[in-house]
Amino acid sequence: MLAHNLSDNDLEDIEFVWANSSEGELLVDYSKKHKRECFEVLKFLAKSRNPEVRWQVYEALDDSSKKEIILLRGGLNDKDPYCRRRAVLCLARTFPPDAKSLAERFLKDEDPYMRLAALELVRASKDQKFIKDVKSRMLQDPIDYVRREAKTLK
């Protein structure tokens, strides 16, 4: 993953290994430590057809550099709900300036796990009025575990 000028076959092999190594997240950890050197590979892997690869890429992008944020934001539209949720959670850790509008988008999601992830964007907003408003709204959520998490908003 550190090599430059990787062939298409090399990239496909790397993608195969990522797809089969999601359990331990070893490649995620390695990529976090060598992000600058691995970025082009991560960019390739973010386009993988395999959701097992894409969610790991989003997890590896835990920094707030501009090019990483672009990849993470792409994950907000991922067709796989788990990948999309991982992208939301990772983006929330970067405290995006549009955390409030992103949170509003995902607080309305049909998937209760996505609504849970949206609460991390609410926290990332650091807007106490907004946090209080969302807490009040989400205490009415039809799903118990979403309501329980909403209670922890401060």
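Miscellaneous remarks
- Candidates in region 95-154 are the residues that are over 19 Å from the mean Cα position of the chain (by Cα) and acidic (Asp, Glu); of these, the one that is farthest from Lys66 (Cα to Cα) is Asp144.
- Within region 47-79, considering residues that are open to solvent by 20 Å² or more (accessible area, probe 1.4 Å) and of a type in the set (A, V, I, L, M), the one farthest from Pro96 (Cα to Cα): Leu71
- Contact map, region 18-41: first residue within 13 Å of Val53 (Cα to Cα), second residue among the acidic types (Asp, Glu), Cβ cut-off under 6 Å, separation 6 or more or different chains; pairs are Ala19/Glu52; Ser22/Glu52; Val28/Glu59.
- Any hit, region 11-28, residues being surrounded by fewer than 14 Cβ atoms within 10 Å (Cβ to Cβ) and under 27 Å from Phe95 (Cβ atoms): no
- Test: residue in region 81-95 that is open to solvent by less than 60 Å² (accessible area, probe 1.4 Å), β-branched (Val, Ile, Thr) and outside any helix (DSSP H, G or I): yes
The values are calculated or read from the model by the stated rules, or taken from the named source; none is laboratory data. Every value quoted in this text rests on a predicted model; they were computed, and no experiment measured them. Here Cβ is always computed from backbone atoms with ideal geometry, including for glycine, and neighbour counts include all displayed protein chains. When the accessible area is computed, the model is the full protein with side chains, heavy atoms only, and any ligands, DNA or RNA have been set aside. Shrake-Rupley method; radii C 1.70, N 1.55, O 1.52, S 1.80 Å.
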